[in-house]
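The values are calculated or read from the model by the stated rules, or taken from the named source; none is laboratory data. As the structure is a computational prediction, the values presented were derived from the model and not from experiment. Every residue, glycine among them, receives a Cβ derived from its backbone with ideal geometry; neighbour counts consider all protein chains shown. Surface areas here come from the heavy atoms of the whole protein model, side chains and all, with no ligands, DNA or RNA. Shrake-Rupley method; radii C 1.70, N 1.55, O 1.52, S 1.80 Å.
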Amino acid sequence: MAVRLFEGKEHAASYWKYRISPSEELIGKVLQFHKSNKESSNNLAVDVGCGSGQGTLLLAPHFTRVVGTDISTAQLEMARKHVNIPNVSYRESPAEELPFEDGSVDLVTAMSAFHWFDHSRFLQEAHRVLKPHGCLALLNYTMDMELSYGDCSETLNHICNEFYAALQPFRNPYLGPSSLELYKKTYDSLQYPVKEWHEDFWVRKTVPLSSYIGMVESFSAFQALLKKDPEEARRLSQDIEKRLLCAMDVTSSETEVIMGIKYFYCLACKPAED
C-alpha cells in the first residue's frame, strides 16, 4: 500500500463506529455486473483495503468464501472482533502483494481504499489473482455529504460545506485534487473490453447527527488536523456541531438526520485468457 494511515486502535474503533458501508443496492450493482458474465463463478471474493470490515461482510451471502485484506493490524483486529460469519476471514497484506494464487479469485473489490494504493501495482496484482471472467470493482464516495432535516436542509449543507472547506488544506497530497478524477482516469486506462463507469449513485441513511460528525472526524484530513493541532480540530468540530444543532432548533446531537453520500464506481471484467 502506497500510503499507511488509519492504523491506530482508536482510529480503527472510529472507523467501525462511524464509517458507512456501501448500501445493499450498490453491492447489488456490483453483483449484477459480475453475474452478467455467464462464465463467472462465486467461489472467492477478496475485499482489498477492507479496514474494519463493514463492506466485506456485505459480500458474505453471495460467495462461498470472502477474505478481507488490509495493511493495518488494528483495523483487522476490529474486523475480526465483529465477524460472526463462518465464510468470512481476514488477512494482513499490502494491496500490491495479495496472498492468493494466480487466477484464483472471482471478485476483487476495493471500497473507499483504491486511492491509497500504488495504483498501477495494485491493478497488476488484481489482474494476476482474478480468474478469467472475474470482476474488479473500485468504489468510493465524495467527501461532500449532504444532510436533510425538516425545512433547514439548505442551511445545514451550507454549514457542512464550510466544514469540508476548513479541512481541504489538510487533504493528503497523495490523493491529488480529486479522487473522482483518479477513479475515472483509472477506468479509462483499463484494457478490459467489458467495463462500466458510474459517478452519481446516492446512498441515503438515517443517522444521529453525532454519527455524521464522527464520520467526518474519521476522514484523513480531519485526522491530519487533529495530529497537527488537536485543540483547533476539536474547536472546529464542536463549532460545526453547535451550528448544525442551532439550525435544526434542537439540543441533542442524537437527533436523527438523513445523510446522503454520493458514490462513484468502476466495474471491469477480466477477459478470458488467449
Problem - Check on residue 179, polar (S, T, N, Q) and in contact (Cβ under 8 Å) with a residue 40 or more places away in the chain - result: yes
Problem - Filter result (touching a Leu at 6+ places or on another chain (Cβ under 9 Å) and open to solvent by less than 10 Å² (accessible area, probe 1.4 Å)) within segment 64-76 - result: 66, 67, 68, 69, 72
Practice task
Would you mind finding the one in 156, 138, 167 that is crowded, with 17+ Cβ neighbours inside 10 Å, touching a Cys at 6+ places or on another chain (Cβ under 8 Å) and not hydroxyl-bearing (Ser, Thr, Tyr)?
Solution key: 138
Exercise for the section: Filter segment 86-106 down to residues that are under 30 Å from residue 177 (Cβ atoms) and buried (at least 23 other Cβ atoms within 10 Å of the Cβ), then give me how many there are. Expected result: 1
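Okay, residues lined up against (1) of a type in the set (D, E, K, R); (2) within 26 Å of residue 119 (Cβ to Cβ); (3) at pLDDT 90 or above:
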position	(1), (2), (3)
4	yes, yes, no
15	no, yes, no
20	no, yes, no
24	yes, no, yes
Exercise for the section: Look at residue 186 and say whether it is polar (S, T, N, Q) and either touching a residue at least 60 places away in the same chain (Cβ under 8 Å) or surrounded by 14 or more Cβ atoms within 10 Å (Cβ to Cβ) (or both). Expected result: yes
Completion exercise
From the option list 254, 241, single residue qualifying as of a type in the set (Asp, Glu), more than 20 Å from the chain's Cα centre (by Cα) and either outside any helix (DSSP H, G or I) or within 30 Å of residue 133 (Cα to Cα) (or both) is 254
Problem - Which numbered condition residue 123 misses (of (1) in a loop (DSSP other than H, G, I, E, B); (2) open to solvent by 10 Å² or more (accessible area, probe 1.4 Å); (3) more than 30 Å from residue 229 (Cβ to Cβ)) - result: (1)
Practice task
Determine which single condition residue 176 fails, assuming it passes every other condition in (1) at positive phi; (2) surrounded by 14 or more Cβ atoms within 10 Å (Cβ to Cβ); (3) small (Gly, Ala, Ser).
Solution key: (2)
Exercise for the section: Would you mind stating whether residue 154 is at pLDDT 95 or above, of a type in the set (Asp, Glu) and under 18 Å from residue 219 (Cβ atoms)? Expected result: no
